[in-house]
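Student: Quick one: structure below, then a few questions.
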Amino acid sequence: AAPVQKARPAEMEGGASFDFAADVMAGLQARPKRIPSKYFYDMAGSRLFEEITQLPEYYPTRVERGILAENAEAIAKLLPAGRALVEFGNGSSAKTRIVLRAARELSTYVPVDIAAEFLQEQAEALRLEFPSLNVLPVAADFTRAFDLPASVRTMPRVGFFPGSTIGNFEPLDAAGFLHHAGQSLGTDAVMVVGVDLVKNEAVLHAAYNDAAGVTARFNLNLLARINRELDGNFDLDSFEHRASFDRRHSRIEMHLVSRAAQRVSIDGYSFDFAEGETIHTENSYKYTVDAFRALAREAGWRPISVWTDSDGWFSIHVLAN
Ligand code: AVI
């Protein structure tokens, strides 16, 4: 098995937990209070997110999978023999498997993720499932430019960033990510990006306020994580989940709302909350096809084609540089 390419030490797990403490402390001193959404994904949060993707109200995962399955032939054409597929994120998902099954002649698959251990496990599983595929995991922070394995640099490369994760970046950061992805992939590359679309507000609202309360647990897990890892004493019952669509910014905003005036301590530091005060925990931007194409152009990509479902709820963009 090929070894995992190591990331720089500052980007490894120890660094990440240091950032967690610093970002939580800074975010709770800011007004309005906020915590970056990337901290949702500890072990418990990743499991809850997996549960979200199976909820009847959470359409993005289901719809994107449908679009991929429907465009299997086009995917096979994008990924013939001798080409390398570079996935931004660990590639553990059913979506990756749909693409790898469609691209029967694909030679090389490069999942890129900061979680080195998980990445290695997933790579092993994919090697067993796709024995003729050369799986070359790279442990790196894919939001910055990174080096591809030398053998891949001489192949035509196709980037893959599904799930509308790009919607969790601020638009400026989304453009920055696409620009860095272009640098990492090199010239003459193609990029396939999943992007959730603006739609009926009731559909959006339900997707982030599911009846079973899984999204609420996912949001509140952030406080549980602070309690576990940073010696916090958040009372989870005195905060509630709020998610609503902000049409002006074209984004779902998630917040944790304090049900009462209260003081919370984290690692000996105190943070006061007024009744109704919130911690802003996530933005999930929804684009129109044209707005996303404009953003991609700004980042140096040329929109080639776009696939959507029949309701126009989700889009998959094929870009070239
Ligand atoms: C990962 N990301 C695309 C999800 C989203 O829809 O923005 C995260 C999520 N937040 C609440 N539910 C799902």
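Student: Can you find, among TYR269, VAL289, ILE304, the residue farthest towards the positive end of the dipole of segment 256-321? Put +1 on the C-beta of Lys and Arg, -1 on that of Asp and Glu.
Tutor: Ranked along the dipole, the leading option is ILE304.
Student: Using the Cα centre as the reference, give the magnitude of the dipole from point charges on the C-beta atoms of the chain (Lys, Arg: +1; Asp, Glu: -1; all else neutral), rounded to the nearest 20 debye.
Tutor: 860 debye
Student: Measuring from centroid to centroid over Cα atoms, what is the spacing of segment 27-41 and segment 133-211 in Å?
Tutor: Between the Cα centres of segment 27-41 and segment 133-211 lies a distance of 23 Å.
Student: What are the ³J(HN,Hα) couplings of segment 23-34, residue after residue, when phi is run through the Karplus curve with 6.51, -1.76, 1.60 and θ = phi - 60°? Round to Hz, x for glycine and proline.
Tutor: 5, 5, 4, 5, x, 7, 8, 6, 10, x, 5, 8
Student: Beyond 15 Å, what share of the Cα-Cα pairs of segment 107-201 is found? Please give it as a whole percent.
Tutor: 66 percent
Student: Let me ask something additional. At 1.4 Å probe size, with the rest of the protein present, what percent of the exposed accessible area of segment 30-113 is carbon and sulfur atoms?
Tutor: C and S atoms contribute 53 percent here.
Student: Classify segment 156-300: rounded, prolate or oblate, from the alpha-carbon gyration tensor (a ≥ b ≥ c, eigenvalue square roots; a/c under 1.5 rounded; otherwise prolate if a/b is larger than b/c)?
Tutor: prolate
Student: Follow-up. To the nearest 10 Å², what's ARG62's accessible area with a 1.4 Å probe?
Tutor: Accessible area of ARG62: about 120 Å².
Student: In degrees from 0 to 90, rounded to the nearest 10, what is the angle of the helix 116-129 Cα long axis to the longest principal axis of the chain?
Tutor: 40 degrees
Student: A follow-up question, please. Using only Cα atoms, tell me the angle between helix 59-70 and the longest principal axis of the chain; keep it within 0 to 90° and round to the nearest 10.
Tutor: 0 degrees
Student: For MET43, MET155, give the ranking by accessible area with the largest first, probe 1.4 Å.
Tutor: Ranked list, largest accessible area first: MET43, MET155.
Student: Under a Cβ-Cβ cut-off of 15 Å, what is the net charge of the residues other than LEU128 that fall near it, where Lys and Arg count +1 and Asp and Glu count -1?
Tutor: 0
Student: Net charge near HIS317, counting Lys/Arg +1 and Asp/Glu -1 over other residues with Cβ under 13 Å of its Cβ?
Tutor: Once positives and negatives cancel, what remains is 0.
Student: I would also like to ask the following. What number, in percent, do you get for the relative contact order of the chain if the mean sequence gap of Cα pairs under 8 Å and at least 6 apart is divided by its residue count?
Tutor: Once normalised by length, the contact order is 20 percent.
Student: Between ASN200 and ARG97, what length in nm is gained on full extension when 0.36 nm per residue of separation is reduced by their alpha carbon distance?
Tutor: So the chain would gain 34.1 nm between ASN200 and ARG97.
Student: OK, next. Rank TRP313, TRP301 by accessible area, highest first, at a 1.4 Å probe radius?
Tutor: The ranking, largest first, comes out as TRP313, TRP301.
Student: I would also like to ask the following. Would you please classify the overall shape of segment 143-193 from the alpha carbon gyration tensor, given that a ≥ b ≥ c denote the square roots of the eigenvalues, rounded means a/c under 1.5, and beyond that prolate means a/b larger than b/c while oblate covers the rest?
Tutor: prolate
Student: Also: With an 8 Å Cα cut-off and a minimum separation of 6 or more residues, compute the relative contact order for segment 84-207 in percent.
Tutor: Here the relative contact order equals 26 percent.
Student: Enter the accessible area per residue of the chain (Å², integer; probe 1.4 Å; all protein chains in place).
Tutor: In whole numbers, the chain has 46 Å² accessible per residue.
Student: Rounded to the nearest 10 degrees, what's the angle between the helix 171-185 long axis and the longest principal axis of the chain, both from Cα atoms, 0 to 90?
Tutor: It is inclined by approximately 30 degrees.
Student: Return the whole-Å distance between the Cα centroid of segment 53-117 and the Cα centroid of segment 241-314.
Tutor: 24 Å
Student: Determine ³J(HN,Hα), in whole Hz, for all residues of segment 93-103 in sequence, where each value follows from phi through the Karplus function 6.51 cos²θ - 1.76 cosθ + 1.60 and θ = phi - 60°; x replaces Gly and Pro.
Tutor: For segment 93-103, the Karplus curve yields 8, 4, 5, 4, 5, 4, 5, 5, 5, 5, 8 Hz.
Student: Which listed residue (GLY82, TYR41, HIS280) has the Cα farthest towards the positive end of the charge dipole for the chain, taking +1 on Lys and Arg C-beta and -1 on Asp and Glu C-beta about the Cα centre?
Tutor: GLY82
Student: So what's the projected area for the chain, the Cα convex hull averaged over all directions, in nm²?
Tutor: Average of the hull's projected areas for the chain equals 16.0 nm².
Student: Set the Förster distance to 30 Å, then compute FRET efficiency between SER250 and ALA26 from the Cβ-Cβ distance, nearest 0.05.
Tutor: About 0.65, to the nearest 0.05.
Student: List the residues whose amide H sits under 5 Å from the amide H of SER244, counting only those 5 or more places along or on another chain, with H placed 1.01 Å from N in the peptide plane.
Tutor: Excluding prolines and chain starts, which carry no amide H, the hits are GLU253.
Student: If you don't mind, another one. Pop out the ³J(HN,Hα) list for segment 259-269 in order, Karplus 6.51 cos²θ - 1.76 cosθ + 1.60 with θ = phi - 60°, rounded to Hz; leave Gly and Pro as x.
Tutor: Result, ordered by residue: 6, 8, 5, 7, 10, 10, 10, 10, 6, x, 9 Hz.
The values are calculated or read from the model by the stated rules, or taken from the named source; none is laboratory data. This one's a predicted model, so the numbers in the text were calculated from it and none came from an experiment. All Cβ positions, even for glycine, are placed from backbone atoms using ideal geometry, and neighbour counts span all protein chains on display. The protein model used for the area step is the full one, side chains on, heavy atoms only, and it has no ligands, DNA or RNA in it. Shrake-Rupley method; radii C 1.70, N 1.55, O 1.52, S 1.80 Å.
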